[in-house]
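The block underneath contains the structure these notes are about, expressed in structure tokens.
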Amino acid sequence: MKALLICPQYADALWTYKHARQFLGKKASSPPLGLLTVAAMLPVEWEKSFIDLNVNQLTDADIIWADIVLIGAMLAQQASALQVINQTHRLGRRILAGGPLFCPELIDQRLFTSVDHIIVGEAKGLIPQFLADLSAGCARPIYCQEGYPDIHLSLTPMWSLVDLRDYAMVNLQFVRGCPFDCEFCYGHVLNGHRQRAKSRPQIIAELDALYASGWRSSIFVCDDNVAGNSQLARTHLLPTLIEWMQANNYPFTFTGAASVNLARESELMDMLVSAGFESITLGIESPHEESLVEVHKHQNLHLDLLNVVHTIQSHGLEVQTGMILGFDHDPPEIFESHIDFVQRSGIANSLVSLLFAFPNTTLYDRLKREERLVPYEVGNCVHGAINFKPAMSLDSLTAGYKHVLQTLYSPAEFYARMEKFLDHYRPVPRPFHLQPAQLVTVARAIYYLGI
């Protein structure tokens, strides 16, 4: 049996760093962790091939080679995924698809009628049954997850399928789930509220495999929330990472995402730095409390969010943040409030987006009940489009959003934030391994931007 695994192309967005990658000389941000983990679950005797459309082109010959084509896609990959599905269907090859794009809401809209088999939920709990049914000649069209599977069933990603030199960073995941209930977030819908952690041997095996592949750069720990269960992080995940990193002379650096309660956990912040974390992305979302109440972002209420950011920076962690515009309770002055907050915080990289109601989220269900959803293409969520009727006029929202982006990323405002960041940032000494590629990146930045 020959299996071709395909990662569709992402729509252009701020978080893909398409234009920043010219400094790094990389073709894509990161390889698809989920798809490479699924590859490890396929029978050993199967021949396997992998194509990332963010890196390479897909030909008819690639598809014809395969007996089955596996497609893993997120919502921002919809347009490319549908093209791959149509091409594969035209060539008469069996298709197995999974990932957040293939959710019940979009399946019900009959977007994927050409797909032979769909995995809804985490593949680790469903792939074994699919393989058994496929072998018996009775594979079903849809396999749905009941509950959340044992994360200890997850295997080490099959890095041998990928040329890691094409990527700016790689992803690893050690813990799934987030205890919070933000209305717009898909994470707790997909992974649940209870955090499920991989075992110490699993964590070590994944680090060892990535080290053996030759990787010596940044890893994004794509756990839903590294501070969601501070006891779990302090007693299980971080001690394992610290011990491994010290034993291997710190070959990687880490970044990840956390909730604002991290600022109250001095020991946890110090352990993150000791483990090799250089930055943390916080879900600030909005400086306006009424908007936070609206979307159940209760963990951010009654806090001095500027102090939260500065506290984390003072522990040696760079803070990035996600910010959202378009909440029902956003006042007319929200755009200037966003700019003022980001500038005073010293956050260099603020990922500002318009609110988008992702299928199967609480927000989507509410707007559907209120009859406020509008026709959309899911992939447009990264292009500043929205899929609902906002409380503010759409023209005002769009104009304000553009104003925020143009202001925050003008040279004067950006460098002013850098000065503010340096006022609060207290770096912690750690081993540093200068790579030739880093010198090339600095040279490219000077060439393109000047000094």
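Where a number appears in this text, it was derived from the coordinates with a stated rule and is not lab data. Quick caveat: nothing in here was measured; it's all calculated off a predicted structure. Here Cβ is always computed from backbone atoms with ideal geometry, including for glycine, and neighbour counts include all displayed protein chains.
Miscellaneous remarks
- Global geometry of segment 23-74, whether rounded, prolate or oblate, following the gyration tensor of its Cα atoms and the 1.5 cut on a/c: oblate
- Taking label positions 7 Å along the Cα-Cβ direction at both Val293 and Ile204, the computed distance is 5.1 nm, reported to one decimal.
- Distance between the modelled labels on Asp12 and Phe432, one decimal in nanometres: 3.4 nm (7 Å Cα→Cβ projection).
- Euclidean distance between Cα centres, segment 11-84 to segment 273-344, Å: 32
- Ellipsoid semi-axes in whole angstrom, largest first, where each is sqrt(5λ) of the Cα gyration tensor of segment 338-441: 36, 18, 14
- Short-range pairs are left out: with C-alpha atoms under 8 Å and at least six residues apart, the relative contact order of segment 2-144 is 25 percent.
- Mean separation of Cα contacts under 8 Å (6+ apart) over length of the chain, as relative contact order %: 14
- When exposed loop sites are taken as chymotrypsin sites (Phe, Trp or Tyr not before Pro) in a DSSP loop with at most 15 other Cβ atoms within 10 Å, the longest stretch of the chain clear of them is 47-375.
- Volume per residue of the convex hull around the Cα atoms, evaluated for the chain, comes out as 147 Å³.
- Theoretical ellipticity at 222 nm over the chain - DSSP helices of four or more residues, -39500 (n - 2.57) apiece, nearest 500: -10500 deg cm²/dmol
- Within segment 150-198, trypsin sites (Lys or Arg not before Pro) in DSSP loop having at most 13 other beta-carbon neighbours inside 10 Å: Arg194
- As a rough footprinting exposure proxy, the listed residues Ile242, Ile107, Ile64 were ranked by other beta carbons within 10 Å of their own, and the order from fewest upward is Ile64, Ile242, Ile107.
- You can think of it this way: the chain between Trp46 and Val442 has 138.3 nm of extra reach, that is 0.36 nm per residue less the Cα-Cα gap.
- Cα-centred dipole magnitude for segment 270-360, charges only on beta-carbon of K, R (+1) and D, E (-1), debye, nearest 20: 260
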